[in-house]
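Some notes on the structure that comes next.
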Amino acid sequence: MVCPEFSHPQSSSPMAKPRNRSFWCLPDAFLVFGVAFLALLLVASFWSFFTPTPNFEPTVTDPPSKLSMNPVDCSESGFGVNLKSDPKDPTFYDDPEMSYSLEKPVKDWDQKRAEWLKHHPSFAAGARERIVLVTGSQPKPCKNPIGDHLLLRFFKNKVDYCRIHGYDIFYNNLLLHPKMGPYWAKLPVVKAAMLAHPEAEWIWWVDSDALFTDMEFKLPLERYKNHNLVVHGWPKLIYEKKSWTSLNAGVFLIRNCQWSMDLINTWSSMGPMSKDYEKWGQIQRLTFKDKLFPESDDQSALVYLLYTEKEKYYDHIYLEGEFYFEGYWVEIVGGYENTTERYLEIERGAPKLRRRHAEKVSEQYAAFREEFLKEAGNGKGSWRRPLITHFTGCQPCSGDHNLMYAGESCWNGMVKALNFADNQVLRKYGFVHSDLHDSSTVTEIPFDYPADEGPW
């Protein structure tokens, strides 16, 4: 663009006066100045061509609607959902009668949730497989000197798993109901998460002392399509042995639906918030002969519902026993070295599994690996990575572990499990723990390694 001061035409009026000698000297000076200025411009242009200067101005690009046949709002996240749109249409959030509290049951939740999704269509796609993982710990610092460090690493492990698979995660360290302490504290959190995440089909509760030890494995949701609750358990132990340990309620997957809301209401009615709390403890001990403590607990309560009301609950609850939906740490941690070696053996003969790759595509490599794991088995005695290793009875925060095993075995087992899981993550970043017993060890690994060697 030509600047205004240089765009005015020179005067050609016939009324212009004849110029004298001194006036004619000016054009010569301007001529010399112009030549010098032009030369300077040429030098500057060549200099800028060979030494370009950085551009500090923001890059302006066409909006997505001009770049694609399918317009995409700039406010959308990387998962194709619009995080900045909340229409003014009334939803259950505008209903003053709704409550997050356990004392007030939620009614017509399926319809309310469907209405919310109708007004937020970007969340509707993929909603059937959307998971929010929920976990938590106590409000106060740990009594065990290393407890807070262990809980931090357990939480990091869950964050790693959720990042790899694209799940949201919520960590709670408050009692959302003052009476629902210790193991009952999960139920008010799960109900609140269901209301806070109508976009999610599943809420996945994982205890603070449980960690993922197969970072690639993804839940087979298709298997659970006709069920509303998934727990690790065994029908024979419920209906024949009548054992309170016939399932483990420390890890469960619950569908975000009215059936689950009703279950939580019934389940929590056996907890400390109930005036019949002591009575429920007595009933559970009479029903389950292997239950040694008098208090009503969440696990015994769920087993009791399955045992006494089988027709109402059994068809809706999937007792997962085909893999370690959660696994008892005592029967798992001793096999980590063998599992590591067996997986490396597979990789030595499969270059596509040795290939370095982005963390975001880990699920594809899990699918590649599956064809080599057909003989690995599942559960106890298997060399397949367990999905979750659960340190039941270890109490990492309080340190008040079960007296049937030494505290050192708990802490050493936790460190070993955490490093075993961490290696699966660190490999995507080019490093591994060379010693599962020592968290401070770290070894850089090459992008590929010879078939007769391992990465460390």
Which three semi-axes in whole Å describe the equivalent ellipsoid of the stretch 333-456, each the square root of 5 times a Cα gyration tensor eigenvalue, listed largest first? 29, 17, 13
Are there any trypsin sites (Lys or Arg not before Pro) in the stretch 263-328 that are in a DSSP loop and have at most 14 other Cβ atoms within 10 Å? List them by number. LYS275, LYS289
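Taking the Cα centre of the stretch 77-167 as origin and charging only Cβ (+1 Lys, Arg; -1 Asp, Glu), how large is the dipole, in debye to the nearest 20? It would help to have the intermediate numbers written out before the result.
Values: 15 positive and 12 negative charges, 106 e Å.
The calculation lands at about 520 debye.
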Give the shape of the stretch 319-370 as rounded, prolate or oblate, defined through the alpha-carbon gyration tensor: a ≥ b ≥ c are the square roots of its eigenvalues, a/c under 1.5 means rounded, and otherwise the shape is prolate if a/b is larger than b/c and oblate if not. oblate
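For MET98, what is the net charge nearby, where nearby means another residue's Cβ is under 15 Å from its Cβ and Lys, Arg count +1, Asp, Glu -1? The partial results should precede the final answer.
On the way: positive: LYS104, LYS107, LYS112, ARG113, LYS191; negative: ASP94, ASP95, GLU97, GLU103, ASP108, ASP110, GLU115.
Cβ neighbours under 15 Å give a net charge of -2.
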Distance in nm between label sites at HIS316 and ALA350, each 7 Å beyond Cα in the beta-carbon direction? 3.9 nm
Could you calculate the FRET efficiency of SER398 with LYS88 from 1/(1 + (r/R0)^6), where r is the beta carbon distance between them and R0 is 45 Å, rounded to 0.05? 0.40
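What is the sum of charges, Lys and Arg at +1 and Asp and Glu at -1, for the other residues whose Cβ falls under 12 Å from the Cβ of PHE155?
-1
Please compute the net charge surrounding LEU302, taking Lys and Arg as +1 and Asp and Glu as -1 over other residues with Cβ under 12 Å from its Cβ.
On the way: positive: LYS186; negative: ASP297, ASP298, GLU309.
Neighbour charge sum, excluding LEU302 itself: -2.
Using r as the Cβ-Cβ distance of ASP148 and LYS380, and R0 as 35 Å, what FRET efficiency do you calculate, to the nearest 0.05?
On the way: r = 32 Å, r/R0 = 0.91.
Efficiency, from the Cβ-Cβ distance: 0.65.
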Please report the antiparallel percentage of the DSSP beta bridges confined to the stretch 109-320, to the nearest 5. 45 percent
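Please work out the FRET efficiency for the pair LEU286 and GLU309, using the Cβ-Cβ distance as r and a Förster radius of 22 Å; give the result to the nearest 0.05. Could you put the intermediate results ahead of the total?
Values: r = 17 Å, r/R0 = 0.77.
Efficiency computed from Cβ-Cβ geometry: 0.85.
Using packing as a proxy for protection, rank 88-98, 180-190 so that the peptide with the highest average count of other Cβ atoms within 10 Å comes first.
Numbers: 88-98: 11.2, 180-190: 20.6.
Per-residue Cβ counts within 10 Å, averaged per peptide and sorted highest first, yield 180-190, 88-98.
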Given 37 °C and 0.692 mPa s, compute D for the stretch 159-215 with the Stokes-Einstein relation, Rh being the Kirkwood radius over Cα pairs; round to the nearest whole µm²/s. 259 µm²/s
Would you report the distance distribution of C-alpha pairs in the stretch 109-320 as whole percents per 5 angstrom bin, up to the bin with the largest distance? 1, 7, 14, 18, 19, 17, 13, 7, 2, 1, 0
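Rule-based calculations on the coordinates, nothing more; no lab input. Bear in mind that the values here come from a model prediction, so they are computed numbers and not experimental data. Quick reminder, even Gly has a Cβ in these numbers, built from the backbone with ideal geometry, and neighbours come from all protein chains shown.
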